[in-house]
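Structure first, then comments.
No value in this document is a laboratory result; all are computed from the given coordinates. Everything numeric here is computed off the predicted structure, so don't read it as measured data. So basically every Cβ, Gly included, is an ideal-geometry build from the backbone, and we count neighbours across all protein chains shown.
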Amino acid sequence: MTLRVLAAMSGGVDSAVAAARAVEAGHDVTGVHMALSSNPRSYRTGARGCCTLEDSRDARRAADVIGIPFYVWDLAERFHRDVVEDFVSEYAAGRTPNPCLRCNEKIKFSALLDRALALGFDAVCTGHYARLENGVLRRGVDPAKDQSYVLAVCTPEQLAHAMFPLGDTTKADIRAEAQRRGLQVADKPDSHDICFIADGDTRRFLAERLGTAPGPIVDQDGNKVGEHDGAYAYTVGQRKGLRLGTPAPDGRPRYVLDISPVTNTVTVGPREALDVTEIVGERPVWLSEPPSGPLSCQVQLRAHGEVHDCVAEMVDDTMRIRLARPARGVAAGQAAVLYDGDRVLGSSTIASTVRAAV
């Protein structure tokens with residue numbers, strides 16, 4: 001069946017090949033590049049971003065080679081509100097957000113998809129490495145590139161209008177295919193880090209927006225062992241850059257265990273104190289019917305992170321996850337994504353955790 005498809009083209013090799021494959025499958029494809037900054041030069045350049053003037057030009061050239069119409073849509077205001085401001089406010093609240101996940105939730109499969117459907121398109125096509133099979137979201141076959149984790153916030157209704165043509169292919173094969181198709185982005189390096197932090201300095205970026213807020217760094221007994229300029233600059237599990245003035249009595253490294261924005265306190269301790277046995281997730285999204293009772297499955301707690309056996313169940317409006325073995329360094333604000341093998345079952349945002357007894 002021929003569909004009217006809107007191909008989101010970031011200017012990278014993945015989205016270009018995805019658009020070309022959609023055309024090859026017989027669909028009526030239009031390319032669109034999302035302008036996510038009112039001042040694109042302030043975002044990352046070259047290989048390090050997906051939102052620059054250079055990326056827009058690369059996307060247009062790829063659309064010309066593929067032979068499809070191409071447009072640039074200005075989503076800068078929505079991106080700033082829903083992704084950048086959310087990123088800052090989450091850190092201010094002592095959480096560690098994932099802006100790529102939020103961009104999928106709020107921009108690609110909300111703002112972009114809503115506009116596409118309003119204009120009569122049937123689906124949005126992206127270069128994500130994931131598979132959709134009869135409405136079921138599965139991991140991509142390339143484990144190093146699998147992006148099902150950051151797509152797990154999408155609802156079944158959104159996924160019904162999504163298309164991921166690359167999920168059955170490895171990244172190396174995608175680059176080779178781009179070469180064969182004559183796409184100049186075939187060898188373009190992947191984007192990485194946070195696209196809206198131009199120099200990659202997250203601490204400086206947050207300080208400019210939240211200001212300095214000196215406070216204590218304490219050990220588990222409440223003893224002051226250092227000072228910080230803003231608790232927002234730290235994340236659970238962090239080891240480097242703590243600037244501790246007092247070494248641990250046993251000489252072992254210390255890690256961030258907790259961040260309290262209310263008292264502006266950062267708590268540090270030994271690595272084993274990071275072990276978590278239970279997770280409480282808010283804003284759950286299920287890709288099928290929610291379980292009526294405890295569900296044995298697996299959970300992934302960060303992008304490209306380790307997968308843990310667990311039992312998940314709904315308690316009122318929260319997702320409660322009990323881990324078979326403790327997980328280390330679980331940060332509030334990240335996503336907990338449930339899997340059955342390679343199938344995505346659902347997700348939630350980590351609100352709190354229960355630590356293992358040390």
- Taking a crude spin-label model, label points 7 Å out from Cα along the C-beta direction, the Arg60 to Ala351 distance in nm is 4.7 nm
- Task: Enter the mean projected area of the convex hull around the alpha-carbon atoms of region 4-187, in nm², rounded to one decimal.
- Result: 10.2 nm²
- Task: Could you tell me which GluC sites (Glu not before Pro) in region 74-135 are loop residues by DSSP with no more than 15 other beta carbons within 10 angstrom of their beta carbon?
- Result: none
- Query: Cα atoms only, region 276-358: Rg and Dmax in Å?
  - Reply: 11.4, 37
- So if R0 is 30 Å, what FRET efficiency would Glu289 and Asp114 give, r being the distance between their Cβ atoms, rounded to the nearest 0.05? 0.75
- Return a whole-number percent for the relative contact order of region 212-269, with Cα pairs under 8 Å and 6 or more residues apart as the contact set. 39 percent
- Message: What does DSSP give for the chain in terms of the percent of beta bridges that are antiparallel, rounded to the nearest 5?
- Response: 75 percent
- Item | Global size of region 212-269 as Cα Rg and Dmax, reported in angstrom | 10.1, 32
- Within the set Ala172, Ala324, Ala248, GNM on the chain using Cα springs under 10 Å gives the largest fluctuation to Ala172
- Task: Could you compute the FRET efficiency for Asp28 and Asp173, with r as their C-beta to C-beta distance and R0 at 22 Å, rounded to 0.05?
- Result: 0.25
- Task: Please say if region 177-290 is rounded, prolate or oblate, where rounded means a/c under 1.5 for a ≥ b ≥ c the square roots of the C-alpha gyration tensor eigenvalues, and otherwise the choice is prolate for a/b larger than b/c and oblate otherwise?
- Result: prolate
- Note on the structure: Residue-normalised 222 nm signal for the chain, counting each DSSP H run of n ≥ 4 as -39,500 (n - 2.57), nearest 500 deg cm²/dmol, is -5500 deg cm²/dmol
- Query: Taking Cα centroids, how far is region 168-240 from region 248-319 in Å?
  - Reply: 20 Å
- Task: Could you work out how far apart the two model spin labels at Ser296 and Thr202 are, taking each label as a point 7 Å from the Cα in the direction of the beta carbon, and quote it in nm?
- Result: 3.6 nm
- Item | Among (1) 21.5, 64; (2) 21.6, 78; (3) 21.6, 68, the entry that matches Rg and Dmax of the Cα atoms in Å as calculated here | (3)
- Specify the residue with the greatest mean-square fluctuation among Ala213, Ala336, Ala327, computed from a Gaussian network of the chain linking alpha-carbon atoms under 10 Å apart. Ala213
- Can you give the relative contact order of the chain as a percent, counting alpha carbon pairs under 8 Å and 6+ residues apart? 16 percent
- Message: Please compare each pair in Lys108/Lys240; Lys106/Lys145; Lys145/Lys188; Lys171/Lys240 to a cut-off of 26 Å on the Cα-Cα distance and tell me which ones are over it.
- Response: Lys108/Lys240; Lys171/Lys240
- Note on the structure: Heads up, region 97-210 by the C-alpha gyration tensor (a ≥ b ≥ c square roots of eigenvalues; a/c under 1.5 rounded, else a/b over b/c prolate, else oblate) looks oblate
- When Met1, Met9, Met34, Met319 are ranked with the fewest other C-beta atoms within 10 Å first, the list becomes Met1, Met34, Met319, Met9
- Task: Taking only Cα atoms and a 10 Å spring cutoff, compute GNM fluctuations for the chain and point out the largest among Arg254, Arg322, Arg180.
- Result: Arg180
- Theoretical gain in end-to-end length, Asp250 to Glu77 [0.36 nm per residue, Cα-Cα removed]: 57.2 nm
